[in-house]
Every structure is written in structure tokens, then in C-alpha cells.
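First up is the structure itself, then whatever we jot down about it.
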Amino acid sequence: MSSREQKTFFIETFGCQMNFHDSEKVAGSLVSQGYRQVDSVEDADLIFYNTCSIRDKAEQKVFHRLAEFKRLQKLGKKFAVIGCVAQQEGERIFERAPHVSLVAGSASYRNLPEMLVQIERGERATGLDDRNTEETFETEFTARTNPHRGYITIIEGCDKFCAYCVVPYTRGRERSRTSESVLEEARRILDGGLTEIQLLGQNVNSYRDPLGKRSFAELLAEVGQLPGIRRVRFTTSHPRHFTREIVDAIDSVPTLCDHVHLPVQSGSSRVLSAMAREYTREQYLERIAWVRAAKHKSISLTTDIIVGFPGETCEEFEETMSLLEEVQYDGVFSFKYSPRPNTPALAMENAIPEEEKIRRLAILNDRQREIQRVNYTRHIGQLLEVMVEGFQPARDQVTGRTSQNKTLNFTVPEGMTAPKIAEYRQVRVVRAHPNSLVGEMAAAPEAQPAYSVV
Ligand code: SAM
Ligand code: SF4
């Protein structure tokens, strides 16, 4: 097929890392079916919209955008809505946006080739009935767009049904890939020249090898020992399945990054129970103590917090604030509780007024900013290994990331060659902000461990 005849597609993605990686796999599947990826809606025959419905009025935003796309239909373009809003709204999307040809949730992506044939025939295609599948979306054709990190989804879906969350309804049941296929994909990524791998899952540590060969911690350790690997990350961990074995793996395998993202959601055991998180504040803090007790590495901790869950009293919010003091996180993703369709929390009494949610969020963010200011300042003077992720010409800075997942922007002293993306350099930290560090590249690459030693 000549490139003029070749069908083109554009894909726009919203949401979490899993969604972005899904888009890489969807793009790979399309390329393997003879399509060519383009950078603009204008150049595309087929426009994919990969949606997220975790918070806010995501559905409305999607319909608004689809209405904007309508004018492009006259140009012969076709539209596909995939991801969580697609699964949630289903065929309603066709009713409200008749110009859409394909609606599919993430559990159906492995059927994309057949769906493409259908829409090319001028039919409509849906992929909405696969949420109970045991199968995962494995493809050799992943269009890796990240120039420094290879993502691998090791577990799809979620069975936890937290009272506020749509994910179990949109992504289907939990299903893990075999550890062999994960290792195989990791080897392919490393053979392709990348040196950092991130294992992904809504609850990555709920991973269960279908063949029973490796636990999550064993898989993590094994990925960390593959030839060519420099850094291994994983996200997101659920406290319920977070084990000492995971901490031991991080502590003993040098390439496993010294960072754990462990969403707590609330510091109040009463609220945690209402959220159906199935752990108490004390159990969560016990896991934090395991992380803090690592012998060889200082492991950075980050979390997710929801304020204003229905019925959250001022005292219970204070418990979240006291948890912040106790753990001293290096980063917090904080959210106002957002009512979501189909979830049990919708029917709960004592909704917190919007202004009160805003007030609590501001208090939390202000305090956390101060905690981070202090935490980040501790790095001043340290020599840290940084992986280069980009450049900021306006500031004459290179953007990099430490093993602890902190952004470290640095300058290159005169006479030294600027590093390339995905290269590692030693950088001396000279200044700290609450969300980033500033440094200067060290004279020569020094042999340093890939993690900061306690
Ligand atoms: N599976 C992970 C866990 O349970 O820790 C989290 C995955 S979820 C996609 C990312 C974050 O979104 C959650 O940790 C939670 O803080 C936030 N979130 C989910 N549903 C929410 C809602 N209805 N309102 C506000 N935040 C929400
Ligand atoms: Fe949502 Fe809870 Fe599943 Fe996380 S564990 S994705 S918050 S239902």
C-alpha cells in the first residue's frame, strides 16, 4: 500500500499512566493493521479519543468534545471513543453523537483488529461486553512513545470496589499476565535500548501469576536483574496487598527505584471503612514502618488522598492531617471527593458541601507543600544520579528525574557536553523547591549506586 493510500489515525489520551500506555498499545495494533499514526486531527482519517472517568464531569467533557468533532465528519473522518467513559456510557454515545463509529472499553482492546474491519465496512463497532474476561491485552505491537521509559501492564482491571471509584465498573475484573510474558516484554524493551521499565496496574501489587511461578516481589526482583536494566518502577500499590517482601526486594536489588506510591485516601479508620478500603490507619502505618525500616535505601513515599468523602467530619479530616505529619510524604495527589455513577458512595448521606471540600483541600495542600519544602531541602549538597528526560532551552536547563522520582533540573557547566535524553548523569543539588530540585551536572560520570544510600 502506498503512503497516500494508507489510512491514518490520531489518538488523544486523558487520564492515568495506564490509559497512556493503553494508547501506546492501541496505536501499535493500528500500525500492525496498516494504519499510520499522525500528529493532528486534521491529518487523520480515524480519530481515537481515549477517555478517563475517574473524577469531575468527565462524561460531559467527552460529549462536548465529540460535538466539536462533528464538523470533521463532513471531511470523511471517523471517530472512536475508547477507555473508561466509553465503557461507562456505552451505546448512549452513539445516541448522543451519531457520528461516532466505534465505542470500546479497555477489556475489549484485544478485539480491535476485528472492530477496525467492521468500521471500514461502514458499520458500527462496539466492545463493551468483555469486563468478565480472563484475558489481557497483549500485543507485540506497542508504539512506544516515551523515549526514556518502557511501560508494561502486568495486571488489568480492579476487584476492590472502593465505595467512591468507577474503575471496577469500567476496567473489568482483575486479571494478570503470566510472569513469563512480562519478562519477555521487558527483555524486548531492553533490547530496544530503553533502560527504565515501569510495571503498571490499577493495583500492581495485587498481581498473581496465572501459572503461579512468581509472586509480585519475585517478578519485580527478576525484572530488576535483566541484562541492560538500570531502573525499575511500579505503580500503583494497594496497601491491602503491600508486603514486607516488596520492601525487601526494593532494598536488595539495586535497580529497583527507592520510591513507593502507596495511596492511603484517608487518615481516619472510620472513613477508610466507609470507603471499603479494607485496612485501618494502624495497618497502613505498619506498612509505612516496613518501608522506613529498609536497611540499604532511603525509600521515598508518596500517596493519594481524597478529602470530603460523604460523612467525613472535621475531626476525621484532622486525622488525615495528622497522618501527613506522621508519614512526611515526598508527594501527595490530593482530590476532592467526586460523586461517580454506579458507585455506592453516591447513595451515602451527609455529602460535604463543595466549599468545605475546597477548604479542606487547600489546608491539606498548604501543609503538604511545607513538608515537601523541608524534605526536598535535605537533598541540597547531595550528588544524585539523574536520568535525562528533556530540555528547557528558555532556562538553559536539562530536566531529569532521580531514582526517588523527584524532578531534578540542572545546568551543564561550560566546556561539558550536554547529555542526551535517557542518559544518566551525576548531578550536585544546589537548590530545592517543594516540587523539584535544581542542580549542576558533576564533572564526570561517577560510579554511584542507582539509589540514595541511607
Ligand atoms: N488503585 C489505586 C488505589 O486504590 O490506591 C488508585 C487508582 S485511582 C485510578 C487514582 C486515584 O484517584 C485514587 O487513589 C483516588 O485517590 C482518586 N479517586 C478515585 N475515585 C475518586 C473519586 N470518586 N473522587 C475523588 N478522587 C477519586
Ligand atoms: Fe478504584 Fe479502589 Fe480499585 Fe483503586 S482499588 S482502582 S481506588 S476501586
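Each reported figure results from applying straightforward, stated rules to the coordinates on display, with no laboratory input. Because the structure is a prediction, the values reported are computed rather than measured. Every residue, glycine among them, receives a Cβ derived from its backbone with ideal geometry; neighbour counts consider all protein chains shown.
Numbers below:
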{"item": "Estimated FRET transfer efficiency (Arg121, His241; beta-carbon r; R0 45 Å; 0.05)", "result": "0.50"}
{"item": "Long pairs among Lys61/Lys336; Lys70/Lys336; Lys25/Lys213; Lys25/Lys297; Lys57/Lys78, criterion Cα-Cα beyond 23 Å", "result": "Lys70/Lys336; Lys25/Lys213; Lys25/Lys297; Lys57/Lys78"}
{"item": "Estimated distance in nm for a label pair at Ala418 and Arg378, the labels positioned 7 Å out from Cα along Cα-to-Cβ", "result": "3.3"}
{"item": "For the chain, radius of gyration divided by Kirkwood radius, i.e. Rg to Rh on alpha-carbons", "result": "0.97"}
{"item": "Within the stretch 291-439, percent of DSSP bridges classed antiparallel, to nearest 5", "result": "65"}
{"item": "Whole-number D in µm² s⁻¹ for the stretch 1-140, Kirkwood Cα-pair radius fed into Stokes-Einstein, 20 °C, 1.002 mPa s", "result": "142"}
{"item": "Antiparallel %, DSSP beta bridges [both residues in the chain], to 5", "result": "35"}
{"item": "Theoretical FRET efficiency, 1/(1+(r/R0)^6), r = Cβ-Cβ of Ala293 and Glu5, R0 60 Å, to 0.05", "result": "0.45"}
{"item": "Prolate/oblate/rounded call for the stretch 121-212, Cα gyration tensor, a/c under 1.5 rounded", "result": "oblate"}
{"item": "Estimated [θ] at 222 nm from DSSP helical runs (n ≥ 4, -39500 (n - 2.57)) normalised by residues in the chain, nearest 500", "result": "-9500 deg cm²/dmol"}
{"item": "Farthest positive-ward along the chain dipole, Cα basis, beta-carbon charges - from Met115, Ser322, Val430", "result": "Val430"}
{"item": "DSSP-loop GluC sites (Glu not before Pro) across the stretch 1-57, with at most 15 other Cβ within 10 angstrom", "result": "Glu5, Glu42"}
{"item": "Antiparallel DSSP beta bridges within the stretch 103-238, as percent of all bridges there, nearest 5", "result": "15"}
{"item": "Volume per residue of the C-alpha convex hull in the stretch 268-403, rounded to whole Å³", "result": "165"}
{"item": "Computed magnitude of the charge dipole of the chain (debye, nearest 20; Cβ of K, R +1, Cβ of D, E -1)", "result": "560"}
{"item": "Inter-probe distance in nm under a simple model that places probes 7 Å from Cα toward Cβ, at Glu286 and Met348", "result": "2.3"}
